[in-house]
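Report on the following structure.
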Amino acid sequence: MKNGIHPENYRLVVFKDMSNDEVFLCKSTAETKDTIEYEGQEYPLIKMEISSSSHPFYTGKVKLVDTAGRVDKFMNKYKKFAK
């Protein structure tokens, strides 16, 4: 491992999956202004949209996204240009 190229400011950080409120603690250099109390101590908090506890690849659950509304909106917007 090369000297002087790795960050020095590793600290314990809580990561929170906002979709299912799952939290986990690990070391990170990510900057944040949010904090959370976890297991009786206060830690910096990183909020995430998705993690391995909520991602369909890891959970095996498929989350259907309704795109019909977006397609209809697009078609209505550009139907005046149709020939």
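The values are calculated or read from the model by the stated rules, or taken from the named source; none is laboratory data. Predicted model only: the values in this text are computed from it and were never measured. Reconstructed Cβ throughout: ideal geometry from the backbone, glycine too, with neighbour counts over all protein chains shown. These accessible areas exclude ligands, DNA and RNA; they are computed on the full protein's heavy atoms, side chains included. Shrake-Rupley method; radii C 1.70, N 1.55, O 1.52, S 1.80 Å.
Among the listed residues Gly4, Gly69, which satisfies the condition of being out of contact with any Phe, Trp or Tyr (no Cβ under 9 Å at 6 or more places or on another chain) and either assigned to a loop (DSSP other than H, G, I, E, B) or modelled with pLDDT of 85 or more (or both)? Steps first, answer last, please.
Details: Gly69 fails: either assigned to a loop (DSSP other than H, G, I, E, B) or modelled with pLDDT of 85 or more (or both).
Exactly one residue qualifies, and that residue is Gly4.
Give segment 43-57 a look and list any residue that's aromatic (Phe, Trp, Tyr) and open to solvent by less than 50 Å² (accessible area, probe 1.4 Å), or say none. Give the steps one after another, and end with the answer.
Step one: of segment 43-57, the residues aromatic (Phe, Trp, Tyr) are 43, 57.
Scanning segment 43-57 gives a single hit, Tyr43.
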Flagged pairs (Cβ under 8 angstrom, 6 or more apart or on separate chains; first in segment 1-22, touching a residue at least 12 places away in the same chain (Cβ under 8 Å); second part of a loop (DSSP other than H, G, I, E, B) and open to solvent by 90 Å² or more (accessible area, probe 1.4 Å)) are Asp17/Glu49; Met18/Glu49; Ser19/Glu49
Can you tell me which residue within segment 10-42, out of those that are within 21 Å of Ser53 (Cα to Cα), of a type outside the set (Ser, Thr, Tyr) and not in a strand (DSSP E or B), is least open to solvent (accessible area, probe 1.4 Å)? Ala30
